[in-house]
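Encoded as structure tokens, the structure appears first; notes follow it.
Every read-out reported here was derived from the displayed coordinates using simple, explicitly stated rules and does not represent laboratory data. Note that the structure is predicted; figures quoted are calculated from it, not measured. Quick reminder, even Gly has a Cβ in these numbers, built from the backbone with ideal geometry, and neighbours come from all protein chains shown.
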Amino acid sequence: MKRVVYPGSFDPITLGHMNIIERASKIFDEVIVLIMKNVDKQGFFSYIEREKLLKKATMDLKNVKVDISTGLLIDYMNRHNIDTIVKGLRTVIDFQYEENMALVNRTIDPKIDTVFLLSDPEYIMVSASNVRELLSYNADITDFVPASIKEEIYNFMK
Ligand code: PNS
């Protein structure tokens, strides 16, 4: 059974993340969507709020699990005996950032591989930072987040 980790801030989950999660869930036996700390980003939603949103958005995908870890990704993977990371790529800018992270993770632990899925073109302009910015102006986020969690996101903003 091939289990993989899809790590990220997911602050909040977007349609772009869903695109990667749905496709990874068809390729692998189990996908663990792992909410993690990015030291370069200030959290907008709490980890618990992000977890609630992710669980709701992925509830129909039976081989997708959601978890939270505030430590090193490699430590989580070793604790759970998983050796493959999945990440999504929108543009070459993502590639530069993700290449560095994949190489750092592989330097720390050479048995860890990262595989990349290219975002479908309609999601290239979708990012969690766009969603956060739109929310801070009370703007509509319909085109950026899964329909099933839009209202919950607005509720968290109250
Ligand atoms: O969605 P993001 O913010 O691009 O995801 C980045 C994330 C959270 C996956 C990355 O910052 C991370 O792996 N954080 C956990 C700490 C870690 O293992 N860092 C070493 C990788 S360079």
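What to note about this one:
- Applying a threshold of 8 Å to beta carbon distances and a minimum spacing of six or more residues, or different chains, the list of pairs starting in the range 90-107 at a residue that is assigned to a helix (DSSP H, G or I) and ending at one that is aliphatic (A, V, I, L, M) reads Phe95/Leu89; Glu98/Leu89; Ala102/Ile85; Asn105/Leu73; Asn105/Ile74; Asn105/Ile85; Asn105/Ile112; Arg106/Ile112.
- Enumeration of residues in the range 47-84 that are within 15 Å of the ligand (Cβ to nearest atom), in a helix (DSSP H, G or I) and among the β-branched types (Val, Ile, Thr): Ile74
- Among residues of the range 47-65, those that are more than 18 Å from Lys150 (Cβ to Cβ) and either of a type in the set (Val, Ile, Thr) or free of Cβ contacts under 8 Å to residues at least 24 places away in the same chain (or both), counted: 4
- For the range 1-13, the set of residues classified as more than 8 Å from the ligand (Cβ to nearest atom), surrounded by fewer than 23 Cβ atoms within 10 Å (Cβ to Cβ) and not in a strand (DSSP E or B) consists of Met1, Lys2, listed by residue number.
- Count of the range 86-106 residues which are more than 10 Å from the ligand (Cβ to nearest atom), more than 11 Å from Ile124 (Cβ to Cβ) and under 15 Å from the mean Cα position of the chain (by Cα): 1
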